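Reading through the structure tokens given below for one structure.
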Amino acid sequence: MSGGVSAVNATDISTKKGNPTRAEQIIVKSGDTMSEIAKKFGMTTEQFMQWTGLKKSSLSKGQKINLPMAQVPKGKGIMAIIREYNMTMEEFGKLNNLPKPYKDYKAAVGEKFYVIKHSGSDSSSSSVASGHVPSRSSNSRANVSGSKPVVRHNGAHSNNGKWGSSYSPEEIAKALYQKSCEHFGAVGKPDFDALINKINSNNVEEVLKSYTKNTKNKNKESLINTITSEIRSDKNLRKAAVMKIYDAVAKKFGTPESVRAGFVKELDDQFDSWGMVSTKKLDETINRMMASPSELAAKMEHDIDSKSAAVGKESFNELISLVNSKNAAQVIKAYDNLNTGESLINGITSEIGSSKKDRIRAVMYIYNSLAAQINAPESARDSFLQELNDQFNSFGMVNTKELDKMINNMLLKYNRTPKASSSTKSSGSKVDNSPKVKFTGKSEIKTAEQWRKGAIASAKNEAVDKYKEFCIQNDIVFDKNDLDLTPMERIPAPVVRNGKVVANISPVLKPTIKPNGKVVILNPGHGGYSVKSGNFDPGSYSFIKKGNGKYAPLLEYEKMQDYAEKTADKLRAKGYTVVIASGHAQTISAQGTVSSLVNDISSGKLTNKKYDKKDIVFVSLHADSEPGKSGSGICYDSRFNDDSKLAQTLQASLNEDDWIKAGLSERVWGNGGIQVLHQTESNPSVLLEVEYVNGSKSQNLDSSAFQGRFLDKLTVGLNRYFGLE
């Protein structure tokens, strides 16, 4: 805006105690033109006419033009007007020629301001009602910049309201930007939400980067900023959309729950504060989550170098938490490559302004992440911690020479360890896909990969038949093209050891903080091959309509694997040691998988430390199956007091969340009992039915929000059972 109303020939412009008295009317002088007057407000002629309600562009001498204004209510500030008229802070500030920062402007008693009369939340008519057309800025959804009008219409490029499934990340980003420009209050509109729902852990990084690189997005506004700036959209809808983006990034990069908690708090704080939502910290967190090991190391070095007593502060804590069992070695090496003359461990311990406790905790977090990555023995951890404590208990600066030597020896071991392929991701035993495998009940001899391809083909045929039944039950017209069979392609190859199919056992997943002395064995139900028939067991499943309009199978084994991995992350962050064991019930039963695993853990064979069996809890995760039903269930064997206590404790904790309704079910062996519970009679054990895979609330299983709340309460329940809180 070139000068605001102060440059216009008006009836009265004066200043009182530093606050201007704005003219409520313009009296046209000889030689004045509509375009010149409009330009003073940063508008086109058409925009100015719509704003003031003028019907024609010609002017006559002495003509009076009334300017829309509003007075600040008694005891209120400018935000009261901004919210009443659904304006943005940037839009309001420019229109009224306020000094920056706009949010700090103190209105005088009775001061009046120019307003644009946006028509509530009806975005399709807002430009006509207000005479104002939005243009992009880094901090606002609209301003009076004189940009060309944007033609607003519903469903542009929307393929009759259904976005195609083949959109690339670049096309999704471009379409999102276009939709946000076409509509005020875009969040909550079907087309915009359909695009948001197409974002997942596989494409989110490319979508976010493409959004800021979009040539039309001249201010390089982030997608998070765009979403929060849609002030005409419901606050909760905007927050939910932001969290969907966050959760997709977190899933892709394995971000710990602690970062999510900080992100949610910052998002809530911004929405609860006065003025426009600032996404500076939110964007920074997202960028950190997507950072490469080299970028992460550089950010840590920057904090250590530029911020006094960095260790223990929110910024550095967030960076540290992004180091995990997948990238620890690379981050440590990248820090060395910065050539600062110090290692990451040395950099942390040298922050003498930070507390001893914070520095030790940060060093041990780095160590634990690296140890988990290379599966280092517990004895090595004890030696490292002893050296660290000895150094901190001595006089003078901490000398990390021996600590760095230990780390370097671990890195050498990591370099000699083959990287796991996708088929060995969660297996503690090497998976061999080349030898041929024979199942006891089959005559064929095939490789593991051949068995996998056969399982996929069989699963696809079964899915088509089940989808037909689903369509009949739900009064849907059957069309095979509406069925997305991608989940079937993800069926893994059988885990093979010495020519035999076995259950899938993860490495021992060590705590990411100080161990609490407790072990949890997680068993995601189903998902393996029968040792007898060779058939793959997907468990129960139904169908969920996705953002692309297609129905995809919701597979019990796949969803429970995801729940188990997320649970493991939460528990490790609370000091638990975790092992994940999955497979076909027949294979687990025939090989005594669970009972053998309990014995190996309790004896110290797997953990280098012996555990009382009462300190080893077994939790099997399943999704129940019965059309129309909903709720969670906890199955237990009432012959064992520990099982009853564990079941009742978990039930009480889960039911504290009003989104969850958990009941108890006695399952005694020999009378409707459960195999895996029969194998864990010597230690506390339960089987959880998280929700009904084909029930009235089956969407809960596919909801990251429900999953987070369920796993939070599960973790709380385990803590209470062990008396940890």
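The values are calculated or read from the model by the stated rules, or taken from the named source; none is laboratory data. Small disclaimer: the values here were computed from a predicted structure and weren't measured. Every residue, glycine among them, receives a Cβ derived from its backbone with ideal geometry; neighbour counts consider all protein chains shown. Just so you know, the surface numbers come from the protein's heavy atoms only, side chains and all, with ligands and any DNA or RNA stripped out. Shrake-Rupley method; radii C 1.70, N 1.55, O 1.52, S 1.80 Å.
Couple of notes before you dig in:
- Label corresponding to Cα extents along the principal axes in Å when calculated from the structure given, among (1) 93, 75, 68; (2) 100, 77, 46; (3) 125, 98, 60: (2)
- Derived scalar couplings ³J(HN,Hα) [segment 319-327; Karplus, 6.51 cos²θ - 1.76 cosθ + 1.60; whole Hz; x for Gly, Pro]: 4, 4, 5, 7, 7, 9, 6, 9, 10
- Hz values of 3J(HN,Hα) by residue in segment 650-657 - Karplus curve (6.51, -1.76, 1.60), Gly and Pro given as x: 5, 4, 4, 5, 4, 6, 6, 9
- The alpha-carbon atoms of segment 564-682 define a convex hull whose volume equals 131 cubic angstrom per residue.
- Separation of alpha-carbon centers, segment 318-393 and segment 561-628, rounded to whole Å: 28
- Dipole of the chain [Lys/Arg +1, Asp/Glu -1 at C-beta], most positive-end residue of S703, Y529, T447: S703
- Here K613 is the anchor, and the aspartates and glutamates within straight C-alpha reach of less than 14 Å, apart from those fewer than 8 places off in the same chain, are D600, D642, D643, E681.
- Annotation: amide H-H contacts under 5 Å for L621 (H modelled 1.01 Å from N, sequence separation of 5 or more, or interchain): N523, G525, L688.
- Think of the chain as a dipole: +1 on every Lys or Arg Cβ, -1 on every Asp or Glu Cβ, centred on the Cα centre; then among S383, V464, M43, M43 lies furthest on the positive end.
- Each residue of segment 41-58 was assigned a 3J(HN,Hα) from its phi angle through the Karplus curve 6.51 cos²θ - 1.76 cosθ + 1.60 (θ = phi - 60°); the sequence is 9, x, 10, 7, 4, 5, 5, 5, 5, 5, 5, 9, x, 5, 9, 9, 8, 6 Hz, with glycine and proline shown as x.
- For the peptides 196-203, 335-342, the ranking by mean Cβ contacts within 10 Å, running from highest to lowest, is 196-203, 335-342.
- Highest average packing first - 82-89, 29-36, 447-454, 63-70, Cβ atoms within 10 Å: 82-89, 447-454, 63-70, 29-36
- Average accessible surface for segment 230-319: 45 Å² per residue, computed with a 1.4 Å probe over protein heavy atoms with every protein chain in place.
- Solvent-accessible area, 1.4 Å probe, carbon plus sulfur percent, for the chain: 48
- Axis of helix 356-374 versus longest Cα principal axis of the chain: the two differ by about 60°, to the nearest ten degrees.
- Dipole magnitude of the chain, debye to nearest 20 (Cβ charges: Lys/Arg +1, Asp/Glu -1, about Cα centre): 1440
- Amide H contacts under 5 Å for S632, placed H, 5+ residues apart: K661, A662, G663
- Beta bridges per DSSP with both ends in the chain, % antiparallel, nearest 5: 55
- Ranked from largest to smallest solvent-accessible area, with a 1.4 Å probe on the protein heavy atoms, S308, S210, S57 come out as S308, S57, S210.
- Dipole-positive endmost among N474, S596, N399 within the chain (Cβ charges, Cα centre): N399
- Helix 593-602 axis, angle to the chain major axis (alpha carbon atoms, nearest 10°): 90
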